[in-house]
Amino acid sequence: MMKQITVIGAGVMGHGIAQVYATAGHNVVLYDTQKHALENALKAIRKSLESFFEIGMIAYNDIDEIVNRIRTTTDLEDAVRESDFITEVVPEILELKQALYEQIESICKPETIIASNTSTFPLSTLTANAQKKNRMIITHFFNPGQIVPLVEVVKQDITAKHVIDETVQLLKEAGKTPVILQKEIPGFIANRLQAAVVREAFSLVERGVASIEDIDLAITHGPGFRWAFVGPIETTDFGGLDTWQRVLDQLCPNLDDRKSAPDVINNMVANGQLGVKSGKGLYEYNPDTVLERIEERDRNFLKLLQLKSVE
Ligand SMILES: NC(=O)c1ccc[n+]([C@@H]2O[C@H](COP(=O)([O-])OP(=O)(O)OC[C@H]3O[C@@H](n4cnc5c(N)ncnc54)[C@H](O)[C@@H]3O)[C@@H](O)[C@H]2O)c1
């Protein structure tokens with residue numbers, strides 16, 4: 001058992017990851033350069049734990065116990081000196097991440113595992129200047145990290161076997177579902193699959209095929225409904241490979257294959273319409289109700305998590 005886990009960066013993803021490891025019984029040090037980020041993170045963790053309690057996934061007393069296992073600090077040396085497993089969750093800026101590894105490696109124990117939550121950088125690029133590349137690994141969580149089970153684990157040929165094994169064991173014991181990539185590829189697995197669907201969804205919007213509500217419903221009440229339990233590959237086995245051969249031969253020439261973001265998104269971004277954070281994306285968001293919508297989303301995700309945890 002890892003005695004101490006350090007999470008570096010307490011933003012959108014970092015607080016959820018700290019919650020996961022503390023819930024699994026580990027002592028967690030949460031480090032950020034910004035004091036207010038740490039304060040907000042602790043509030044968000046408590047609020048999230050309350051929703052786990054409300055659906056009966058943890059006991060009321062667990063909330064304080066879990067929060068008390070998380071210590072916050074703005075002192076990097078204090079955060080990493082004694083750590084057994086460090087996960088870096090700072091913004092997706094290569095130079096920032098590489099400079100951080102240099103600092104961490106000069107302080108932490110030689111055997112400490114260093115993981116990154118990067119969404120896009122190959123492990124070989126992240127670790128280009130590292131002293132001990134064989135102890136570094138990617139553990140890519142999905143937002144909200146405290147709820148979505150998937151964690152993509154990316155290694156390199158030089159990654160030590162015990163680093164992979166201990167990381168996978170840590171994630172499984174924390175109730176996560178790790179999948180291991182056998183080779184480096186941009187976007188890993190899940191974001192590639194998701195991007196293919198999103199590109200086609202916006203193509204349908206541009207062609208005026210249906211309303212945005214109906215396009216979303218076509219996933220949430222169709223393939224998305226099935227995908228929580230039957231993946232796209234098993235789906236083809238259930239449907240019949242001969243049928244899917246004809247479907248793909250017929251549809252592939254018709255599918256969107258553009259090489260960059262669709263103009264609908266480009267135009268909205270140019271106009272400052274960024275979605276929930278600016279109050280308007282494809283949908284309109286009322287500042288008074290948007291928090292309720294996020295809470296409703298997370299309650300639904302928790303119900304699904306409950307269903308999947310008895311699979
Ligand atoms: N947001 C998502 O949905 C999502 C999903 C999966 C992966 N990721 C990845 O997770 C990482 C973090 O993303 P995020 O959305 O949580 O970012 P964020 O901007 O919400 O949070 C980053 C935090 O890091 C802190 N920080 C910045 N520089 C630091 C430093 N040198 N030392 C310590 N803390 C520092 C910031 O103060 C901030 O609190 C990125 O690599 C991102 O690609 C994000």
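Give me the distance in nm between label points sitting 7 Å out from Cα along the Cα-to-Cβ direction at Ile158 and Thr73, one decimal.
Using points 7 Å along Cα→Cβ, the separation is 2.9 nm.
When the Kirkwood radius is taken over all Cα pairs of the range 156-311, what Stokes-Einstein diffusion coefficient follows at 20 °C and 1.002 mPa s, in µm²/s? Walk me through the intermediate numbers first.
On the way: Rh = 19.2 Å.
Translational diffusion coefficient: 111 µm²/s.
Using modelled backbone amide H atoms (1.01 Å from N, in-plane), which distant-in-sequence or interchain residues come within less than 5 Å of Ala174's amide H?
Residues meeting the criterion, in which the H sits 1.01 Å from N, do not exist here.
If every alpha-carbon in the range 21-124 counts as one equal scatterer, what log10 I(q)/I(0) does Debye give at q = 0.16 1/Å?
-0.80
Pick out which of Val230, Val276, Val247 has the largest mean-square fluctuation in a Gaussian network model of the chain, springs linking Cα atoms closer than 10 Å.
Among Val230, Val276, Val247, the largest GNM mean-square fluctuation belongs to Val247.
Amide H of Val179: which non-local residues (sequence gap of 5 or more, or other chain) have their own amide H closer than 5 Å, using H built in the peptide plane?
The answer is Val151, Glu152, Val153.
Among the lysines, select those whose C-alpha is under 29 Å from the C-alpha of Lys183, and discard any that sit fewer than 8 residues away in the same chain.
Correct list for Lys183: Lys97, Lys109, Lys132, Lys133, Lys155, Lys161, Lys172, Lys259, Lys308.
Quick check: from the Cα gyration tensor, does the range 97-231 come out rounded (a/c under 1.5), prolate or oblate? Can you show the working numbers first?
Values: a/c = 2.97, a/b = 2.09, b/c = 1.42.
Judged from the Cα gyration tensor, the range 97-231 comes out prolate (a/c at least 1.5, a/b above b/c).
What distance in nm lies between label points placed 7 Å from Cα along the C-beta direction at Gln250 and His221?
Each label point is offset 7 Å from its Cα along the Cβ direction, giving 2.3 nm.
Using only C-alpha positions, report the orientation-averaged shadow area of the convex hull of the range 4-181, nm², one decimal. Show your work: numbers first, answer last.
Working: hull surface 35.8 nm².
Across all orientations, the range 4-181 yields a mean hull projection of 8.9 nm².
Taking the solvent-accessible surface of protein heavy atoms with a 1.4 Å probe, what is the per residue accessible area of the range 4-181 in Å²? Write out the running numbers ahead of the final one.
Values: 7550 Å² over 178 residues.
Per residue, the range 4-181 has an accessible area of 42 Å².
With a point put 7 Å past each Cα toward its Cβ, work out how far Ala190 is from Leu304 in nm, to one decimal.
1.0
If I build a Gaussian network model for the chain, linking alpha-carbon pairs within less than 10 angstrom, which residue out of Thr125, Thr72, Thr177 has the largest mean-square fluctuation?
Result: Thr125 has the largest fluctuation of those listed.
Per q in 0.09, 0.12, 0.16 1/Å, what log10 I(q)/I(0) does a Debye calculation on the alpha-carbon atoms of the chain return?
Computed log10 I(q)/I(0) values: -0.53, -0.94, -1.48.
Would you please calculate the Kirkwood hydrodynamic radius of the range 65-147 over all C-alpha pairs and express it in Å, rounded to one decimal? Walk me through the numbers before you get to the answer.
On the way: mean 1/r = 0.0735 Å⁻¹.
This gives a value of 13.6 Å.
For the range 222-311, list log₁₀ I(q)/I(0) at each q in 0.10, 0.13, 0.22 Å⁻¹, using the Debye formula over Cα point scatterers of equal strength and ignoring solvent, two decimals each.
For the range 222-311 at q = 0.10, 0.13, 0.22 Å⁻¹, log10 I(q)/I(0) is -0.51, -0.81, -1.03.
Given a Förster distance of 22 Å, report the FRET efficiency between Val290 and Glu50 from their Cβ-Cβ distance, rounded to the nearest 0.05. Let's see the in-between values first.
Numbers: r = 19 Å, r/R0 = 0.88.
Result of the calculation: an efficiency of 0.70.
Per the 1.4 Å probe, what fraction of the accessible area of the chain, in percent, lies on carbon and sulfur atoms? Numbers along the way, then the final one.
Numbers: 9810 of 17540 Å².
In the chain, the share of accessible area belonging to carbon and sulfur is 56 percent.
Just how far, in whole angstrom, is the range 249-286 from the range 96-158 if you go by their alpha carbon centroids?
30
Just to check I understand the Karplus step: with θ = phi - 60° and J = 6.51 cos²θ - 1.76 cosθ + 1.60, what whole-Hz values come out for the range 115-128, glycine and proline as x?
Each residue of the range 115-128 in turn: 10, 10, 9, 3, 8, 10, 7, x, 4, 5, 6, 4, 9, 3 Hz.
The values are calculated or read from the model by the stated rules, or taken from the named source; none is laboratory data. Quantities reported herein were computed from a predicted structural model and do not represent experimental measurements. In this analysis, Cβ positions are derived from the backbone assuming ideal geometry, glycine residues included, and neighbour counts consider all displayed protein chains. SASA here: full protein model, heavy atoms, side chains in, ligands and nucleic acids out. Shrake-Rupley method; radii C 1.70, N 1.55, O 1.52, S 1.80 Å.
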